[in-house]
Amino acid sequence: MSPLDVAMKQVQIAADKLRLDPGFCEKITQTKRELIVHFPVKMDDGSIKVFTGYRVQHNMTRGPGKGGIRYHPDVDLDEVRALAMWMTWKAAVVNIPFGGAKGGVQCDPKSMSVRELENMTRRFTWEIAMMIGPDQDIPAPDVYTNPQVMAWIMDTYSMLKGYSVHGVVTGKPLELGGSLGRFEATGKGVFVTAQEAAHHLNFPIEGARVVVQGCGNVGGIAAQYFDKAGAKVIGISDSKGGMYNRKGLNVSEVLDCKKRYSCLITPGAKGADEITNEELLELDCDILVPSALENQITHKNARKIKAKIIAEGANGPTTPEADEILHDRGIFMVPDILANAGGVTVSYFEWVQNLQELLWNEEEISDRLTRIMKRSFVEVLSISQKDKVDMRTAALMLGIGRVAEAQKLRGIYP
Ligand code: NAD
């Protein structure tokens with residue numbers, strides 16, 4: 001299934017449970033606004049390459065659009081639509097006043113120089129500038145984008161306006177109005193919600209065996225939180241494959257190796273084996289954290305998953321068929337729109353600080369984030385228990401229900 005098929009199917013399941021008005025259902029299965037741009041970029045060898053980029057706003061009923069920008073060869077309009085839709089529900093699940101949006105450029109960032117990435121980012125920003133802004137739509141980092149890319153977007157947008165506009169993006173470097181705790185926020189939120197799930201299932205995080213797919217901003221940080229809490233991270237991977245040690249990996253050594261040499265195989269990794277991403281997902285463990293891309297757990301491998309808890313760091317890693325299989329097998333799911341909502345939550349804190357020209361300290365941010373993640377977990381769990389639905393359906397019911405309520409209050413213009 002394509003990510004958009006998955007997102008549509010999820011909406012249909014939750015909408016049936018909520019008995020939503022068919023007109024509203026039709027509205028939320030469509031995106032509000034979509035922009036496709038084809039733009040030229042001057043490459044280092046003097047040639048001109050034309051890239052295709054997207055910005056999609058799914059729903060702005062509860063506030064301005066919010067959602068990351070992805071640089072990946074597989075980015076296409078349907079993927080960006082699905083990711084924008086998930087952002088709408090996610091912001092509503094954690095009850096922050098944002099709508100859902102997403103963007104991306106179809107490119108292979110690993111084969112581009114820093115200068116080419118900067119040129120591409122600046123031109124893409126210029127192309128989508130009519131759609132973004134602190135009151136309209138606020139991008140952030142996603143797969144293969146980072147604080148430096150956000151700095152270029154902020155600078156280009158500010159040049160167009162003629163003054164510094166900090167609030168146009170979140171996930172910026174601290175020196176440019178970024179927020180303390182934003183870089184760690186998504187991984188921390190994944191850890192906090194997985195910990196709540198472990199409490200619910202009555203087992204301690206200390207000593208729990210954890211497997212993390214993807215070791216970027218989300219997976220890498222989540223692995224560090226699990227490690228710090230005394231869990232055993234027994235498997236971790238990147239796009240090329242993974243490392244496994246049933247006694248537990250040295251997380252900081254593995255991540256340091258990735259940072260320095262772009263590979264996970266550390267010289268001192270005694271007792272660790274190389275495994276594929278497919279094998280990694282099927283490892284015997286307590287908590288599985290898919291933190292890479294969509295469509296990783298499908299009907300093909302769902303019966304082979306051995307984890308007790310899946311905490312989705314990535315957006316859309318599990319298909320609806322796999323959800324059904326996992327639910328029947330009693331595997332506890334912390335769905336993406338809950339588990340990885342820490343990022344959008346601290347993005348909201350960053351935006352608020354930018355608008356008010358105030359700076360919050362790390363403790364304030366960390367406490368607020370933890371409170372919101374725990375409260376949202378409890379709210380989703382109680383819907384799941386009361387309505388006897390799986391955790392994903394419960395999270396969607398909470399998110400979509402809040403958007404439906406806001407829509408009812410606003411009414412339809414004119
Ligand atoms: P990132 O670019 O920092 O890291 C991506 C990681 O995934 C890298 O380790 C990469 O090697 C790995 N990867 C790429 N392709 C893979 C493949 N085919 N198989 C296995 N691993 C692969 O990106 P990120 O920000 O960590 O985002 C990861 C996921 O989390 C995405 O689904 C993203 O939408 C989601 N997410 C990110 C944030 C955020 O704040 N960055 C917030 C919410 C959700």
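Every read-out reported here was derived from the displayed coordinates using simple, explicitly stated rules and does not represent laboratory data. Just so we're clear, the structure is a prediction, and the values are computed from it rather than from any experiment. Cβ atoms come from the backbone with ideal geometry, glycine included; neighbour counts cover every protein chain shown.
Just a few scattered comments:
- Panel order for Glu294, Glu116, by other beta carbons found within 10 Å of each beta carbon, from fewest to most: Glu116, Glu294.
- Calculated diffusion of the stretch 93-152, Stokes-Einstein form, Kirkwood radius summed over Cα pairs, 37 °C and 0.692 mPa s, µm²/s: 254 µm²/s
- Residues whose placed amide H lies under 5 Å from that of Arg33, excluding near-sequence neighbours: Gln57
- Per-residue [θ]222 nm for the chain (sum of -39500 (n - 2.57) over DSSP H runs n ≥ 4, rounded to 500): -14500 deg cm²/dmol
- Karplus-based coupling profile of the stretch 107-124, in residue order and whole Hz: 6, 10, x, 5, 9, 10, 7, 4, 5, 5, 5, 5, 4, 5, 4, 5, 5, 4, with θ = phi - 60° in 6.51 cos²θ - 1.76 cosθ + 1.60 and x standing for Gly or Pro.
- Sites Ser111 and Gln136, calculated FRET efficiency, Cβ-Cβ separation with R0 35 Å, nearest 0.05: 0.60
- Cut-off under 5 Å, modelled amide H: who pairs with Phe51 long-range: Phe39, Val41
- Amide H contacts of Gly68 (H built 1.01 Å from N, under 5 Å, at least 5 apart or other chain): Gly103, Ala140
- With 0.36 nm allotted per residue and the present C-alpha distance subtracted, the Lys386-Lys408 stretch has 5.5 nm of extension available.
- Projected label distance in nm at Leu201 and Asp78, using a 7 Å step from Cα toward the beta-carbon: 3.2 nm
- Label positions at Ser158 and Ser47, each projected 7 Å from the Cα along the C-beta direction, are separated by 3.5 nm.
- Proximal lysines to Lys240, defined as alpha-carbon separation beneath 19 angstrom and excluding residues fewer than eight positions away on the same chain: Lys110, Lys258, Lys259
- Counting beta carbons within 10 Å around each of Met130, Met43, Met391, Met120 and listing the fewest first gives the order Met130, Met43, Met391, Met120.
- Kirkwood estimate for the stretch 218-328, i.e. one over the average of 1/r between Cα atoms, Å: 14.3 Å
- Length added when fully stretched, Asp256-Arg33, from 0.36 nm per residue minus Cα-Cα: 76.2 nm
- Potential lengthening between Asn361 and Glu321 on full extension [0.36 nm per residue; Cα-Cα distance subtracted]: 10.1 nm
- From phi via Karplus (6.51, -1.76, 1.60), per-residue ³J(HN,Hα) for the stretch 98-103 in Hz, x at Gly/Pro: 10, x, x, 8, 6, x
- Relative contact order for the chain: 17 percent, from Cα pairs under 8 Å spaced at least 6 residues apart, divided by residue count.
- Computed across the stretch 153-288, the Kirkwood hydrodynamic radius from all distinct Cα-Cα pairs reaches 16.3 Å.
- Residues Arg19 and His299, FRET efficiency given R0 of 41 Å [Cβ-Cβ distance, rounded to 0.05]: 0.90
- Packing-based exposure ordering (other Cβ within 10 Å, fewest first) of Ser237, Ser47: Ser47, Ser237
- Normalised per residue, the volume of the convex hull around the Cα set of the stretch 248-311 (Å³): 104 Å³
- Virtual spin-label span in nm between Arg375 and Lys240, 7 Å along Cα→Cβ: 4.4 nm
- Quick note on the chain: its Rg to Rh ratio, both from C-alpha atoms and Rh being the Kirkwood radius, is 0.95.
- Integer Hz, Karplus 6.51/-1.76/1.60 couplings in order for the stretch 339-356, x for Gly and Pro: 4, 9, 6, x, x, 5, 5, 6, 4, 4, 4, 5, 5, 4, 4, 5, 5, 8
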